[in-house]
Amino acid sequence: MNDKQAQSQATLGQMKPSKAIVKLAIPATLALLAKAVYNLVDTAYIGMLDSDIALTAVGVTVPLLLIMVSIENIFAAGAAVLAGRQLGAGDQKEAERTVTTVVGLSVLIGIVLCVGGIVFIDPLMRAFGASEASLPLAKDYAFWMFIAALANLPAQSMNCAARAESSVKISSIAVITGAGLNILLDPVFMFDWGLNLGVEGASLATTVSQFVTFFILTGFYASGRSVIKLRPRSFRLTWGFVKAVAVIGIPTAVIQICLSVAASLTNIAAASLPQSDEIIAAYGVVQRLVLIGCYVVMGFMQGYQPVASYAFGARDEDRFHQSVRFALKGALLLTVLVEAVYILLAKPLILCFNSNPVIVDYGRWLLISQVALYPAFGLCYMMTITYQTIGDSRYGLFLSLIRQGLFYVPFILVLPKLLGVLGIYLSQPAADVLTILVCLRSVGSMKRIASRNMGKE
């Protein structure tokens, strides 16, 4: 065993679970927050164009962003859990096969997304709520998002593999470097003293930065410094393998897909109301702010998941349950803090992106409504990850569907028609109440299922 493998084993299998989770979560969270900078910086700079239509156009692409993240997560999250279990069980060769195959598959999927997205860009933007006024700019912005899929998907797979072996430092460096570059390139590409590409320039700058992140991660694996090696001979794509990884990863991806569907339906609901462009512009800003809260929770869960997966693979029940208890408390605490910050600072946060008083007023109340019961997201996400880890992906899939899917969709379809914009404000809190009730009823079964699947019953 080399030094890197020994260090990974010490963190995942020997360090106190709470310390191991925090150690892995801090750089993972910083990396995700840096990723959020891509979207926030674009939105902030686009706000400087003094064009409400430009802001609306970018808001229309939020569902596209969430869909692409969800597709990334199907295989990347599945690979992280499966490779973590395999490392915990001491099966290095299978872990390498898992990661190599997923990275290769993600390259192929990235090509399909890029080509398919560009070919069908017009109907896609219309489906996401683009009006005739915002459609041209929405297409300009989305075009480079599809090009970025060529880098994003394999980069996310390598990122998750690094998490599975506790090599979070390199993933943080890669993502933070890309985010910093994006901040520098946005004004150069957008404004008249540079390339003067406007909205399209913002998306192009982000795409260039994401390719830089991809090349940094590729260099790490090519150098041989990783515990899990990417070896061409380890690539074995079979239906059984795809199914095994997808079954684990789909629940996490479904959360993102449901967020995308919810955002699309909210845009569609807003499109039928007076001042629809202003509501959609405000909602686009709010969604990017809410993504920061999501990334805080996701970063913490990225610290939790490899520790729990390793313990589960090693059949260390005490360590596994210590990890679960700490993750549950941490998820609830983080979501309460996010909720408090956003409610207290709702108006000044919206003002950072647009000074139109109508957009600011809509944005303020949209932001408050989105986070009024935000612990529902933390609780649901944590339990989805845990059910994935213990091998009950079917129930994990159900949990991933409830908040923004089974519960939110009926409310957003009905309430705006009855109550106007107030119906949009009330839809998320109503869905969150039901989500909390379901999750609380599900907590007790986790220990029993985990014990059974680890062979302790």
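The values are calculated or read from the model by the stated rules, or taken from the named source; none is laboratory data. What you see is a predicted model, and the numbers here were worked out from it, not measured in a lab. Counting neighbours? That spans all protein chains shown, and the Cβs are built from the backbone with ideal geometry, glycine included. Just the protein is used for accessible areas: all its heavy atoms, side chains included, with ligands, DNA and RNA removed. Shrake-Rupley method; radii C 1.70, N 1.55, O 1.52, S 1.80 Å.
Just a few scattered comments:
- From the largest down, the range 63-211 spans 57, 32, 19 angstrom on the principal axes of its Cα atoms.
- Distance between the C-alpha centres of the range 394-454 and the range 227-262: 24 Å, rounded to the whole angstrom.
- Global geometry of the range 330-374, whether rounded, prolate or oblate, following the gyration tensor of its Cα atoms and the 1.5 cut on a/c: prolate
- Counting charges near Lys139 (Lys, Arg +1; Asp, Glu -1) among other residues having Cβ under 14 Å from its Cβ returns a value of -3.
- For the chain, the solvent-accessible area works out to 38 Å² per residue, with a probe of 1.4 Å and every protein chain left in place.
- A P(r) calculated from all alpha carbon pairs of the range 301-457, with 10 Å bins opening at zero, reads 11, 33, 29, 17, 8, 2, 0 percent.
- For the chain, the C-alpha radius of gyration sits at 0.94 times the compact-globule guess of 2.2 N^0.38 Å, with N the residue count.
- With bins 5 Å wide beginning at 0, the percent of Cα pairs of the range 152-272 falling in each bin runs 2, 10, 13, 14, 15, 17, 13, 9, 5, 2, 1, 0.
- The helix-only estimate of mean residue ellipticity at 222 nm for the chain, built from DSSP H runs of length n ≥ 4 each weighted as -39500 (n - 2.57), is -29000 deg cm²/dmol after division by the residue total.
- Rounded to the nearest 10 degrees, the inclination of helix 3-13 to the longest alpha-carbon principal axis of the chain is 80 degrees.
- Interatomic Cα distance distribution for the range 380-457, bins of 5 angstrom, percent: 3, 16, 22, 18, 13, 10, 8, 5, 3, 2, 1
- Take Met48: with every protein chain present and a 1.4 Å probe, its accessible area is about 110 Å².
- Taking Cα atoms only, the orientation of helix 17-47 departs from the longest principal axis of the chain by about 20 degrees.
- Heavy-atom accessible surface of the chain: percent carbon and sulfur, 1.4 Å: 67
- Stretch in the chain that is longest and holds no chymotrypsin sites (Phe, Trp or Tyr not before Pro) that DSSP places in a loop and that have at most 16 other beta carbons within 10 Å: 236-457
- Rounded to the nearest 10 square angstrom, Arg319 shows an accessible area of 20 square angstrom against a 1.4 Å probe.
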